[in-house]
Amino acid sequence: MAIAQQRLHNQRITRSRPVRLPPAKLVAWFGAVQAQEYGPAKWGLALRSAATDAAIERAIDGGRIIRTHILRPTWHFVASADIHWMLELTAPQVHRRMSTYDRQLGLDPGVMTRAIAVIERLLGDRGHLTRRELGVELARAGLPSGTRELAHMAMHAELEGVICNGPRRGKQSTYALLAERAPRARRMERDEALVELTRRYLRSHGPATVRDFVWWSGLTTADARRGLEISRARHRAIDGLAYWSLGREPGNLPGARTSVQLLPIYDEYLVAYRDHRVVPRPAYVLGGFQHALLVGGQVAGTWSVLSVPEGMVVDVRPLRRLSQVERRALAQAVTRYRRFLGIPVSLSVT
């Protein structure tokens, strides 16, 4: 299980003395972080950085972290400084994956061009708008405004580098012009961007296979292999699979074997890989994607949060009996979750 222990370390989950990275710098360390479930995705950042929910919200509202579609057809967090070069590298592949679904909805290139023009004008005139508000104005312009159509048009505008998330309005997400949210983002030549994305993936997710990197990045296999070659990554074969990494392997990682973590649904440790011999995906172990109890780098149960008058209860359902050492580590994980939320949180094991 050495691969799992190294991944825990590289993903900044089990470092004995974690560097308190600001949320945006943590996102940049990863390259991008899956964020389709907004609240759980924030906890995924916090358990790696000790940041509070309020601190992460400030980074998002202030535009230091962008939430958009960038690697695959799902939401990701990305540092605003990285948004342009990463979009230019990965958006063409996401466009190709979405093109069939767009055509099925009647969203041909002409419709998309008109929609982007309307959205850009609206956000330029009125600032941050919710998806529903955009839908009302698109309908007035004679454009499709159904739920699915609107989602596809907004994603298209994101991939074109026109819009991204704006500040939260209560519990609602808004859209804003990307040029206003990330005016000083870097740009790179394609090979430079390919090397940068490869290095960020391997330093934060490695050791990983080529299939893992292709899955996470959305790149073609040829591009992924080129990225590994020109970044001078190295590999070692284990059970017939080549696992790629950068730099020296970390030394002894004793804490990783007994660590207990409350991972959120769709956490990078569980969804950023295609080959699952080392760490099976929760969908295989639990019968579906859920918040995962992680013990020693392996999925060992589920957890959920219940609201009570006194605050919150973390209800943990392990797949096996936990040892005393593991129960103490679980209590520490709940303490970290309490610090993240800033409200009373108690533990229940059922």
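The values are calculated or read from the model by the stated rules, or taken from the named source; none is laboratory data. Predicted model only: the values in this text are computed from it and were never measured. Please note: Cβ atoms are built from the backbone with ideal geometry, for glycine as well, and neighbour counts cover all protein chains shown. Quick note on the areas: whole protein, heavy atoms, side chains included, nothing else; ligands and nucleic acids left out. Shrake-Rupley method; radii C 1.70, N 1.55, O 1.52, S 1.80 Å.
Below is a table of values for the structure above.
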item: Burial ranking of peptide ranges 306-312, 228-234 (average Cβ count within 10 Å, highest at the top); result: 228-234, 306-312
item: Heavy-atom accessible surface of segment 310-350: percent carbon and sulfur, 1.4 Å; result: 52 percent
item: Most mobile of Ala154, Ala193, Ala54 in a GNM of the chain (Cα contacts under 10 Å); result: Ala54
item: Calculated Rg and Dmax of segment 292-350 using C-alpha coordinates, Å; result: 11.3, 34
item: Per residue accessible area in Å² of the chain, where ligands, DNA and RNA are left out and the probe is 1.4 Å; result: 46 Å²
item: Protection-proxy order for peptides 95-101, 70-76, 20-26, each taking the mean of Cβ atoms within 10 Å per residue, highest first; result: 70-76, 20-26, 95-101
item: Percent accessible area from carbon and sulfur atoms, segment 104-256, protein chains only, probe 1.4 Å; result: 48 percent
item: FRET efficiency, Thr74 to Glu310 (Cβ-Cβ, R0 41 Å, nearest 0.05); result: 0.70
item: FRET efficiency, Arg103 to Ala2 (Cβ-Cβ, R0 51 Å, nearest 0.05); result: 0.65
item: Inter-probe distance in nm under a simple model that places probes 7 Å from Cα toward Cβ, at Asp125 and Arg184; result: 3.2 nm
item: Segment 25-98 - percent of accessible surface contributed by carbon and sulfur, probe 1.4 Å; result: 53 percent
item: Whether segment 151-191 is rounded, prolate or oblate, judged on the alpha carbon gyration tensor where a/c under 1.5 counts as rounded; result: oblate
item: Overall form of the chain per C-alpha gyration tensor (a/c, 1.5; a/b vs b/c); result: oblate
